[in-house]
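First the structure, in the form of structure tokens, and then the observations on it.
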Amino acid sequence: MSRTFIRCKTLFTGLEDEARCEQTLVVENGLFTWVGDTADAPARAVGDALVEAGDDFVMPGLIDVHTHLVFGNAKSEEDIDLHVSPEFRALRGLFFTQHVMAAGYTSVVVPGDAGQCSIAVRNAINAGMFPGPRIAASSNVIANRQSLNDWFPSWVGTPEYFTGRLCATREDQIAEIRRQAKDGVDVIKIAMDGTHRRDNGEIIAAFTEEETRVMVDEIHRLGKKVAVHAYGAEAVLYAAKAGVDVIFHAFFLDDACIEAMLVSGSHLAPTLTMLANNVEFAELYEASTKSGYAAMQRRVIDIGCRNLRCAREAGVPFMTGSDSGFAITPYGEWHARELEIFVDWLGFTPAEALRAATSVAARMMPAAGRAGVIEVGRPADFLFIDGSPLENVALLQERERIRAVFQGGQRMQTAVPGYDPNRVSDFNTVKWSELHTRQRAVELGKRPASPGSLHLAN
Ligand SMILES: [Zn+2]
């Protein structure tokens, strides 16, 4: 079997603070079989290939632990659940894996979708039918009455094809976990936050501490990982005490939550990219509306970053996720923004942010095919970057800086096809986002302010 030698002037393995100089990687059957100083590298045989990284920075392929591969850049929950068939969602997800991969992301965790959509995409890629990132697949988000993902009123319920699966009894919760394990998920997501609050403003968890523990124990017994959505301190605490693998968001965590995470080893993936994008885009939009959404998201960011910095300083391990798959976070566009946010808002060094996006995030991927570190025995997923992310982590967002993406030692196609958003998602029938009152028309300058005049402005 022929080997591929990759000669690197600058190599970041995913584990250290500094880059190494003058390194050689040897890849055989998709795995690294040798990593070390070029001076000590084994001799090349006839038929072995040589790839020169030149001045490019070589690093592991990036990992996003929060990419909704089958949401199709949706503008609303209805856009996902009501307007698109599961079959189309899977095909669309397969298409968008190319956009994810071209952004330098060679592994993604898909936390929650309907039925077997991400399982099917993963299986098609793993079977070699299509190129694409490594996928930790999931199925429906386990929801309870009034939790996140129990979007629709009780008279609609949660049909089979919805993203959430209403599991309102302990029997239903365990049965759903076993169904998903049988269908072949890698990760099971639980919607821990409720949508209701106490009088003091605290978010009420949707499951009790006991229910959470029983579910997490069963998921782990079946050899699967657990991810939870939790903003509220109560939900974070129950999840951390139960030992979930990754807690998304955790913006309102407190000292007890940090303590519990340190004991159980739970990871934290704040997924601040979505909020950052919400603020930026809502601010633009709010020039013409009164929603107040940007200000609300800005408050959550301020409180969240204060709390998350405490968790980081206490030693809670962080992973990067972007919540890609919504209209505010289209595939392939914003995944690496999370690293910049870790540095700018949470006080990470660039090397720590890079580890959060490689070696640490890799812990959420199935053990077979767990990349994220350039070391012997790991899958050979790596990138050539023009410039050093150890100096400026933001450059990972510049597509032209991603010079090459390798997966299992193979160079992947990074020229991705475009698409018409109106035929891919955006099928909802909402036509208006606010009331077009006469007063509003005046505010927008479409009508004169003087009450006596009825002439419309152009
Ligand atoms: Zn999400």
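The values are calculated or read from the model by the stated rules, or taken from the named source; none is laboratory data. No experiment lies behind these values; they were computed from the predicted model shown. Using ideal geometry, Cβ is built from the backbone for each residue, glycine included, and neighbour counts are taken over all protein chains shown. For the accessible areas, the whole protein counts, side chains as well, though only heavy atoms, and no ligand, DNA or RNA atoms are used. Shrake-Rupley method; radii C 1.70, N 1.55, O 1.52, S 1.80 Å.
May I ask you to list the residues in segment 370-386 that are open to solvent by less than 30 Å² (accessible area, probe 1.4 Å) and either closer than 13 Å to Gly409 by Cα or touching a Lys or Arg at 6+ places or on another chain (Cβ under 7 Å) (or both)?
Ala371, Ile374, Pro379, Ala380, Asp381, Phe382, Leu383, Phe384, Ile385
Which number in (1) on the phi > 0 side of the Ramachandran plot; (2) under 17 Å from the mean Cα position of the chain (by Cα) marks the one condition that Gly315 misses?
Among (1) on the phi > 0 side of the Ramachandran plot; (2) under 17 Å from the mean Cα position of the chain (by Cα), the lone unmet condition for Gly315 is (2).
Quick one: would you say Gly315 is within 16 Å of the ligand (Cβ to nearest atom) and either open to solvent by 50 Å² or more (accessible area, probe 1.4 Å) or more than 23 Å from Phe382 (Cα to Cα) (or both)?
Working: within 16 Å of the ligand (Cβ to nearest atom): no; either open to solvent by 50 Å² or more (accessible area, probe 1.4 Å) or more than 23 Å from Phe382 (Cα to Cα) (or both): yes.
In short, no.
Is it the case that segment 194-211 has a residue that's at pLDDT 95 or above, under 24 Å from the mean Cα position of the chain (by Cα), open to solvent by 20 Å² or more (accessible area, probe 1.4 Å) and within 22 Å of Phe71 (Cα to Cα)?
no
Restricted to segment 127-151, and to residues that are more than 16 Å from the ligand (Cβ to nearest atom) and without any contact (Cβ under 8 Å) to a residue 60 or more places away in the chain, which residue is surrounded by the most Cβ atoms within 10 Å (Cβ to Cβ)?
My answer is Gly132.
Which one is most open to solvent (accessible area, probe 1.4 Å) among residues in segment 99-124 that are more than 16 Å from the ligand (Cβ to nearest atom) and small (Gly, Ala, Ser)?
Taking the candidates together, the pick is Ala120.
Has segment 114-124 got at least one residue that is part of a loop (DSSP other than H, G, I, E, B), on the phi > 0 side of the Ramachandran plot, modelled with pLDDT under 95 and in contact with a helix residue (DSSP H, G or I) (Cβ under 8 Å, 6 or more places away or on another chain)?
Checked segment 114-124: at least one residue is part of a loop (DSSP other than H, G, I, E, B), on the phi > 0 side of the Ramachandran plot, modelled with pLDDT under 95 and in contact with a helix residue (DSSP H, G or I) (Cβ under 8 Å, 6 or more places away or on another chain).
Which of the residues that make up segment 401-437 are of a type in the set (D, E, K, R) and at pLDDT below 85?
Asp426, Lys431, Glu434
This table checks each residue for (1) of a type in the set (Ser, Thr, Tyr); (2) surrounded by 14 or more Cβ atoms within 10 Å (Cβ to Cβ); (3) at pLDDT 95 or above.
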{"site": "Ala260", "(1), (2), (3)": "no, yes, yes"}
{"site": "Gly265", "(1), (2), (3)": "no, no, yes"}
{"site": "Glu283", "(1), (2), (3)": "no, yes, no"}
{"site": "Tyr293", "(1), (2), (3)": "yes, yes, no"}
{"site": "Arg298", "(1), (2), (3)": "no, yes, no"}
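Evaluate segment 241-254: report whether one residue or more is of a type in the set (A, V, I, L, M), assigned to a loop (DSSP other than H, G, I, E, B) and either in contact with a Pro (Cβ under 8 Å, 6 or more places away or on another chain) or within 16 Å of the ligand (Cβ to nearest atom) (or both).
Yes, segment 241-254 contains at least one residue that is of a type in the set (A, V, I, L, M), assigned to a loop (DSSP other than H, G, I, E, B) and either in contact with a Pro (Cβ under 8 Å, 6 or more places away or on another chain) or within 16 Å of the ligand (Cβ to nearest atom) (or both).
Just give me the residues in segment 8-24 being among the polar types (S, T, N, Q), open to solvent by less than 10 Å² (accessible area, probe 1.4 Å) and either more than 10 Å from Asp37 (Cβ to Cβ) or touching a Pro at 6+ places or on another chain (Cβ under 6 Å) (or both), in sequence order.
Thr13
Just for segment 218-237: of the residues that are over 22 Å from the mean Cα position of the chain (by Cα) and part of a helix (DSSP H, G or I), which one is farthest from the ligand (Cβ to nearest atom)?
The selected residue is Arg221.
Can you tell me which residue in segment 262-280 is nearest to the ligand (Cβ to nearest atom), limited to those that are β-branched (Val, Ile, Thr) and touching a strand residue (DSSP E or B) at 6+ places or on another chain (Cβ under 8 Å)?
The residue in question is Thr271.
How many residues are away from the ligand (no atom under 16 Å from the Cβ) and surrounded by fewer than 24 Cβ atoms within 10 Å (Cβ to Cβ) if we restrict to segment 58-75?
0
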